[in-house]
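Just so it is clear, none of the values below were taken in a lab; they were calculated from the coordinates. Since this is a predicted model, take the numbers as computed values, not measurements. All Cβ positions, glycine included, derive from the backbone under ideal geometry; neighbour counts span all protein chains shown.
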Amino acid sequence: MTAPAGDERDETDPYARIAEWYDVEHDSFTDDFELYLELLGGETRRLAILEVGSGSGRLLAALASAGYVATGVEPSAAMRARHAQRMAALPEAVARRASVVAGSATALNLPADQRFDVALLAQGVFGHLLRAEQRAAALAALRSHLRPNARLIVDVDLAGPRRLLESAGRLWLQGAWPTSQRLEIVEHLVVGEPGATPGVVEVTHLYDTHEQGGAVRRTLTRTPLALLSRGEVALAIQHAGYDIESLYGGYDMAPADDASARLIAVARCSSLPAEPSA
Ligand SMILES: C[S@@+](CC[C@H](N)C(=O)[O-])C[C@H]1O[C@@H](n2cnc3c(N)ncnc32)[C@H](O)[C@@H]1O
């Protein structure tokens, strides 16, 4: 992977050194997008969608290609740079429908009067919010940018962070993918350890690139992740002033239960005013 010009990589951003590998791993993943299309299917194509933690624009590009107007908020400059590259490869009329701003879940950095019909927290972004107060603040910030009756969709990995904590110190292979370099592959391994604060697991990601039988180049990054339960996520959403419509346990829309590895919560902005946050 080439470092940014002048090696201006942000050492505080865990995605700065792995943005390229993130895309190699996730670009072909479409299960969540297919679920979102299904959930939005009956509604007009001109819905305005906000994705918080939009990364390199994997979902924004797919949503824009399907006709939606999709805005992302993303803190990582490296991921936003990849978003720009992705959009440059799309037809102009599609790319115009997908934009991204520098911001975070608790500081959205959007014009005060901008409103959306749907908000997405996809692919574990909610787990990057480590404290309950941060998650509450993020849901409240989002709500102030949603139209009445707008939809909120939160996709959370419940089992992954817990499994990494329970097997602390042991390596797990996530998978291997061909990179854009001829004959080169990248392997993604993860290992967990207890985080500095309760309810958090510190995840170390190792991305190993090599040709068959060739020397290995290892890139390492760390992401702390919140350990979340189905009840905790559902309560946080309700307390922030949303009405839960459905709790799915996976992209196949099976109802969530105690054994569910994921939670996909679908909620609406309730008609009642949100409770003031403490
Ligand atoms: C697992 S990636 C998901 C990217 C994208 N949503 C997707 O589905 O491909 C998590 C993203 O969340 C972003 N992120 C981390 N902390 C965040 C925060 N506090 N607010 C918003 N986004 C955050 C990261 O920079 C990263 O791009």
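Find me the longest stretch of the chain that has none of the exposed GluC sites (Glu not before Pro), where exposed means in a DSSP loop (not H, G, I, E or B) with at most 13 other Cβ atoms within 10 Å. Working shown, then result.
On the way: sites that count: E8, E11, E43.
Maximal segment without exposed cleavage sites: 44-278.
Would you kindly calculate the mean projected area, averaged across all directions, of the convex hull enclosing the Cα atoms of the stretch 161-226, in square nanometres? Working shown, then result.
Values: hull surface 19.1 nm².
Its average projected convex-hull area is 4.8 nm².
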- Message: Sequence gap at least 6, Cα distance under 8 Å: using those rules, report the relative contact order of the stretch 1-132 to the nearest whole percent.
- Response: 26 percent
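Express in nm, to one decimal, how much length is gained between L173 and D243 on full extension, taking 0.36 nm for each residue of separation and deducting their alpha carbon distance.
21.4 nm
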- Scoring the stretch 161-226 by relative contact order with C-alpha pairs under 8 Å, at least six apart, yields a percentage of 28 percent
- Computed over the Cα atoms of the stretch 1-130, what is the ratio Rg over Rh, Rh following Kirkwood? 0.95
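Are there any trypsin sites (Lys or Arg not before Pro) in the stretch 94-159 that are in a DSSP loop and have at most 15 other Cβ atoms within 10 Å? List them by number. Spell out each step's value before the answer.
On the way: sites: R96, R97, R115, R131, R135, R143, R151; in loops: R96, R97, R115, R131.
The qualifying sites are R96, R115, R131.
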- Query: Between the stretch 184-213 and the stretch 47-62, what's the alpha-carbon centroid distance in Å?
  - Reply: 25 Å
- Message: Please compute the contact order of the chain in relative form: average sequence separation of alpha-carbon pairs under 8 Å and at least six residues apart, divided by the residue count, as a percent.
- Response: 16 percent
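Once the convex hull of the C-alpha atoms of the chain is built, how many Å³ does it hold per residue, rounded to a whole number? Walk me through the intermediate numbers first.
Working: hull volume 40.3 nm³, N = 278.
Expressed per residue, the convex hull around the Cα atoms of the chain is 145 Å³.
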